[in-house]
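Peer 1: The structure is given below, and queries will be raised subsequently.
The values are calculated or read from the model by the stated rules, or taken from the named source; none is laboratory data. Quantities reported herein were computed from a predicted structural model and do not represent experimental measurements. Counting neighbours? That spans all protein chains shown, and the Cβs are built from the backbone with ideal geometry, glycine included. The protein model used for the area step is the full one, side chains on, heavy atoms only, and it has no ligands, DNA or RNA in it. Shrake-Rupley method; radii C 1.70, N 1.55, O 1.52, S 1.80 Å.
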Amino acid sequence: MRGGSRVGLTKFVSNDLGSSVGDIVSLNLSSSTGATEVLFALVDSSIKTVTGGIVSTPVGYLGADSGSDILTDVSGNQILSSSASTPSSGFLVTGQQSVLAISSSSVTKLDAKTGKVDSIIASKGTVPTGCTFGAVYRDRLILAGSDNTIYSSKMGDYSNWDYGGNVSDASRAILWQLALASDVGFKPTAMIPNKDSSLIIASRNTLWVLRGDPSGGQLQRISDNIGIVSSKAWCVADGTIFFLSDCGVYKVGVDGSGLAMVSESALPVELKDVNTSTTKVMMEYEKDRKIIHVYLKTSGGNDTHWNYELQTEAWWAVRLQNNHSPVAVCKHKGEVILAGGDGYVRKVGGINDDGTAIQSHVLIGAMRLGAVDKAGIVNMLHGVLGTGSGTVTWRLVVGESAEQASDNAKLAIEAYQAGGDYSGYVKHTDSWTAGRSLAQYPRVRSLWCCIWLQSTDRWAFEGATMQLKLSGRYR
């Protein structure tokens, strides 16, 4: 019942991280002075950190086994430890005070305390290749995405992949799949760990929960129809997982209970059957405003993203500047952080987008103006905006049916955004200012209409009164 401008995007740090950000993740890092939450980014084949407003690239120096002495060469220069190259893209997870970059060719580990970067070399067995995402659960590195197999390292040792270990060792490395006892499993698409108690795993069309450890826990199928479309198409909000399936947005408890569709009667059609080969799906939860953000990133740009308000159960379409549209998303210090296509990281919050005013549109309607076979006239329109609200331009868009009025209004907005001519859709326009505006008399005749509200200011809509009268048979 209340519409207005969205919040903006504000640069998290003043410097860009590089030209191409692959992924971002937040890690709570311990130190002698206490724990500090640090933002890590995979960018331009390196891993960078953001802390205290400073962007830096960790460097690993060679030290003594005790960890207390820094080793130097004969000239007194600190000696760099041998480091592996970092992939240009990958899926970031955290565990054991380290950041792990999962790519199809290798798993690269950054020791967050020493800055040393190494590829994980198997101490036993073979590190799986071809995997595209993963998770750390019960101190196991779990990898998936290459086939229908789920690969779990030995508990506490991400380099041990010996699946033929002692069967009595509950911590041994293990292979498993998403299947009942007599079936062949589907290829996993997402994994969501819940502390050390459960792991939600999905394929494109099935949903499962593992309770306990892979070696001896219980694997239960939650649904054989609903799955998760991709590895980042989910978020956790106060003990509930929200995720995108082919049928729309669903929610389920972190323990696998209470699977249900979100806002079935008002789900945007754009969130059904998303083509993940051309669209990268990312989701995150903003706790302050209780909003689920669904980001749909394409290479072509001009992307439409979606916000879902938990309190009002309302969907809002959001369009960002192309270089602000996120290539990676994470939660950091309670804030939603976006890595843009221009290499900058931004947080959701503020009154504009890096100083650029936010263009906002709200449609009210469609509303019937007359009777079944009679037209109506909008004789008077009286609007009320929030106190301190900016100026809002209102326009009346009409049609011979509710569908036509709504379609015309959508086409008018799209023409406005593209800088084209939208006047053919609009029958009357005027503006409202903060508080109660004066009554206005548009005298527009039709069967149906929408009120199109538009502004580049911060504003809030409180209500409007429309006075109608019948105007004879509509031809």
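Peer 1: Taking the highest mean first, how do the peptides 431-439, 123-131 order by number of other beta carbon atoms within 10 angstrom per residue?
Peer 2: 123-131, 431-439
Peer 1: Given a 1.4 angstrom probe, what's the average accessible area per residue across the chain, in square angstrom?
Peer 2: 46
Peer 1: So, one more: Pop the C-beta distance of residue 423 and residue 121 into the FRET formula with R0 = 51 Å and round what comes out to the nearest 0.05.
Peer 2: 0.15
Peer 1: If you don't mind, there's one more thing I want to ask. What is the distance in Å between the Cα centres of region 261-292 and region 334-376?
Peer 2: After rounding, the separation between the Cα centres reads 15 Å.
Peer 1: So how much slack lies between residue 35 and residue 462, counting 0.36 nm per residue of separation and subtracting their Cα-Cα distance, in nm?
Peer 2: This chain segment gains 149.3 nm when fully extended.
Peer 1: Could you name the aspartates and glutamates in cross-link range of residue 154, using Cα to Cα under 14 Å and dropping any fewer than eight places away on the same chain?
Peer 2: The qualifying aspartates and glutamates are 139, 162, 169, 213.
Peer 1: Also, quick follow-up: Among all stretches of the chain without exposed GluC sites (Glu not before Pro) (DSSP loop, at most 16 other Cβ atoms within 10 Å), which one is longest?
Peer 2: Between the exposed loop sites, the longest stretch runs 1-312.
Peer 1: Something else: State the dimensionless ratio Rg/Rh of the chain (Rg: radius of gyration of Cα atoms; Rh: Kirkwood radius).
Peer 2: Value, to two decimals: 1.07.
Peer 1: Would you mind telling me the share, in percent, of accessible area of the chain contributed by carbon and sulfur at probe 1.4 angstrom?
Peer 2: 47
Peer 1: Would you mind calculating the relative contact order of the chain from Cα pairs under 8 angstrom and at least 6 residues apart, reporting the percent as a whole number?
Peer 2: The normalised contact order for the chain reaches 13 percent.
Peer 1: Further question: What distance in nm separates the two pseudo spin-label positions at residue 373 and residue 187, each 7 Å out from Cα along the beta-carbon direction?
Peer 2: Calculated label separation equals 5.9 nm.
Peer 1: What is the projected area of the convex hull of the Cα atoms of region 203-244, averaged over all directions, in nm²?
Peer 2: Orientation-averaged projected area of the Cα hull: 3.4 nm².
Peer 1: If you find the alpha carbon centre of region 165-222 and of region 400-441, how far apart are they in angstrom?
Peer 2: Centre-to-centre distance over Cα atoms comes out at 53 Å.
Peer 1: Sticking with this structure for a sec: Run the numbers on region 248-309 and let me know its relative contact order in percent, using alpha-carbon pairs under 8 Å that are six or more apart.
Peer 2: In percent, rounded to a whole number, it is 21.
Peer 1: So, one more: What is the gain in length, in nm to one decimal, between residue 471 and residue 11 on full extension, counting 0.36 nm per residue of separation less the C-alpha to C-alpha distance?
Peer 2: 160.2 nm
Peer 1: Just to confirm the number: angle between the C-alpha axis of helix 402-417 and the first principal axis of the chain, 0 to 90 degrees, nearest 10?
Peer 2: So the inclination is approximately 70 degrees.
Peer 1: To continue, here is another question. Per DSSP H run of at least 4 residues, take -39500 (n - 2.57); add these up for the chain, divide by its residues and hand me the 222 nm value, nearest 500 deg cm²/dmol.
Peer 2: Roughly -1000 deg cm²/dmol at 222 nm, from the helical runs in the chain.
Peer 1: Here is a follow-up. In terms of modelled amide H atoms, which long-range or inter-chain residues lie less than 5 Å from the amide H of residue 390?
Peer 2: Amide H neighbours of residue 390, under 5 Å, 5+ apart: 458, 459, 460.
Peer 1: Put a dot 7 Å past each Cα toward the Cβ at residue 439 and residue 401; how far apart are the dots in nm?
Peer 2: Taking the simple label geometry, residue 401 and residue 439 are separated by 3.5 nm.
Peer 1: Compute the signed sum of charges (Lys and Arg +1, Asp and Glu -1) over the other residues within less than 13 Å, Cβ to Cβ, of residue 320.
Peer 2: Here the charged neighbours net out to 0.
Peer 1: Can you compute 3J(HN,Hα) from phi for each residue in region 443-460, using the Karplus curve 6.51 cos²θ - 1.76 cosθ + 1.60 with θ = phi - 60°, rounded to whole Hz and x for Gly and Pro?
Peer 2: My calculation for region 443-460 gives 6, 9, 10, 5, 8, 9, 8, 10, 9, 9, 9, 8, 7, 10, 9, 7, 7, 8 Hz in order.
Peer 1: Distance between Cα centroids, region 81-144 to region 9-35: provide it in whole Å.
Peer 2: 18
Peer 1: Quote the FRET efficiency, to the nearest 0.05, computed for residue 197 versus residue 359 with a Förster distance R0 of 35 Å and r equal to the Cβ-Cβ distance.
Peer 2: 0.20
Peer 1: Could I ask something else about it? Largest first and to the nearest Å, give the Cα extent of region 395-475 along each principal axis.
Peer 2: Per principal axis, max minus min of the Cα coordinates gives 41, 31, 17 Å.
Peer 1: Compute the length gained on full extension between residue 278 and residue 170: take 0.36 nm times their separation in residues and subtract their Cα-Cα distance, giving the result in nm to one decimal.
Peer 2: Residue separation times 0.36 nm, minus the Cα-Cα distance, leaves 34.8 nm.
Peer 1: If I model a spin label as a point 7 Å beyond the Cα along the Cα-Cβ vector, how far apart are those points for residue 146 and residue 44 in nm?
Peer 2: Roughly 3.1 nm, to one decimal.
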